[in-house]
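First up is the structure itself, then whatever we jot down about it.
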């Protein structure tokens with residue numbers, strides 16, 4: 001892992017250089033208490049800055065920018081963080097002009113593990129951004145998605161009923177989602193999701209979530225990693241990504257200028 | 001002997017076109033199926049996926065969304081969003097094994113009473129063929 005070690009050293013050195021000009025840089029910090037998102041300031045111990053385990057940082061940036069409307073923050077961002085920030089910017093949840101993005105290219109193993117199509121941030125579209133590490137090829141696409149159309153309705157139903165029945169309604173998939181930001185969540189509205197029922201009645205809870213991910217999901221895989229019941233949520237969200245791409249030519253997280261198609265008129 | 005299956009349909013009708021179309025069908029004494037439970041909404045664009053899912057969860061065997069024709073929306077482009085959203089909901093239903101034909105989007109203007117009766121009759125027959133929704137989403 002010598003290459004990784006040098007990459008993290010490069011990132012730390014870069015962050016140290018940039019900190020004096022910024023109001024802080026958002027990254028992951030590992031301490032004896034665990035790893036969490038953290039706003040690094042000048043003088044902080046940068047040996048605590050880490051890249052793993054992956055954790056989405058876009059919601060932290062959004063919260064900070066709203067709390068401090070004049071401040072200029074930085075972020076150490078992987079490809080998925082950058083894509084999430086793109087979707088958040090389109091929905092007025094972050095201001096790209098007040099953000100310095102230090103992009104980090106993921107390794108080939110990471111790209112493969114995540115089935116990631118863009119394992120490095122596209123820094124060209126950000127006002128202030130740099131990239132560290134060497135971008136690798138896209139990971140192979142999720143194999144289930146390619147075969148999904150051949151699966152009969154009956155089989156799909158049996159599969160998802162079984163999967164959704166494992167749900168303990170912990171809201172972990174929503175809480176970790178880097179593009180979820182509504183203050184009033186439909187999943188907590190008793191009109192749509194009956195309170196006090198476990199597992200949530202098939203299929204409302206998960207379909208509402210999936211519908212809200214349409215034209216928004218940036219395929220970071222965090223929901224699936226966070227799920228304590230190992231529900232393969234990204235299969236549904238990948239299918240929605242594919243459909244939105246086919247129907248509207250829209251790839252979430254790809255282009256800061258492209259607007260989300262579901263809130264636009266027909267061509 | 002069990003009763004023959006009669007589908008229950010929730011129909012979301014837009015206030016400006018489809019509800020008026022349904023009203024005209026009634027005034028003109030046209031025959032339309034009694035299986036339809038109409039819910040008047042101000043615009044077909046108001047019909048969220050949550051509403052569609054709740055209708056299914058509450059026992060609707062089919063959900064019909066009727067709005068103004070594209071270009072005739074009282075709110076200019078409300079039905080454009082419907083036109084984009086409902087096909088996605090249909091796809092999503094099919095991905096978890098619910099027959100997407102249980103959800104239908106169509107356009108009926110206020111002057112199209114015959115069209116209203118035709119669309120509703122067609123849809124009732126489609127859903128009759130699919131059987132009760134409880135077979136698909138029931139526990």
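Values in this text are rule-based calculations from the coordinates and carry no lab data. Not measured: the values here are computed from a predicted model. Note that we place each Cβ from the backbone using ideal geometry, even for glycine, and neighbour counts take in every protein chain shown.
What does the C-alpha gyration tensor say about the overall shape of chain B? Classify as rounded when a/c is under 1.5, otherwise prolate if a/b is larger than b/c, or oblate.
Oblate, since a/c reaches 1.5 and b/c is not below a/b.
On the principal axes of its Cα set, how long, how wide and how thick is the stretch B:45-127? Give whole Å, largest value first.
Result, largest extent first: 35, 26, 19 Å.
Arrange the following residues from fewest to most other Cβ atoms within 10 Å of their Cβ: A:66, A:169, A:161.
With the fewest neighbours first, A:66, A:169, A:161 line up as A:66, A:169, A:161.
Against the 2.2 N^0.38 Å scaling, with N counting residues, where does the stretch A:25-102 land? I'd like the Cα-based Rg ratio to two decimal places.
1.06
Can you give the Rg to Rh ratio for the protein assembly as shown, taking only C-alpha atoms and Rh from Kirkwood?
1.04
For the stretch A:128-176, compute Rg over Rh where Rg is the Cα radius of gyration and Rh is the Kirkwood radius from the inverse mean 1/r over Cα pairs.
1.20
Relative contact order of chain A: what whole-number percent is it, with Cα pairs under 8 angstrom and at least 6 residues apart?
Relative contact order for chain A comes out at 16 percent.
Once the Cα atoms of the stretch A:2-132 are picked out, what are the Rg and Dmax in Å?
13.8, 40
Among bridges DSSP assigns within the stretch A:1-134, what percent are antiparallel (round to 5)?
45
Using the C-alpha gyration tensor of the stretch A:175-267, what are the square roots of 5 times its eigenvalues, in whole angstrom, with the largest one first?
25, 16, 12
If you average the C-alpha positions of the stretch B:71-86 and of the stretch B:95-129 separately, how far apart do those two centres end up, in angstrom?
18
Would you calculate a helix-derived [θ] at 222 nm for chain A, using -39,500 (n - 2.57) for each DSSP H run of n ≥ 4 and dividing by the full residue count, to the nearest 500?
Value at 222 nm, helices only: -10500 deg cm²/dmol.
Given the C-alpha centroids of the stretch B:6-28 and the stretch A:73-96, what is the distance between them in whole angstrom?
Cα centroid of the stretch B:6-28 versus Cα centroid of the stretch A:73-96: 45 Å apart.
Could you work out, residue by residue across A:208-220, how many beta carbons of other chains sit within 10 Å of that residue's beta carbon, and then give the average as an integer?
If you average over the peptide's residues, the count of other-chain Cβ atoms is 3.
Per residue of B:45-54, count partner chain C-beta atoms within 10 Å of its C-beta, then hand back the mean as an integer.
Rounded to a whole number, the mean comes out at 4.
Can you pull the mean other chain C-beta count within 10 Å for peptide B:76-89?
4
Can you put B:16, B:107 in order, fewest other beta carbons within 10 Å first?
Ascending Cβ contact count within 10 Å gives the list B:16, B:107.
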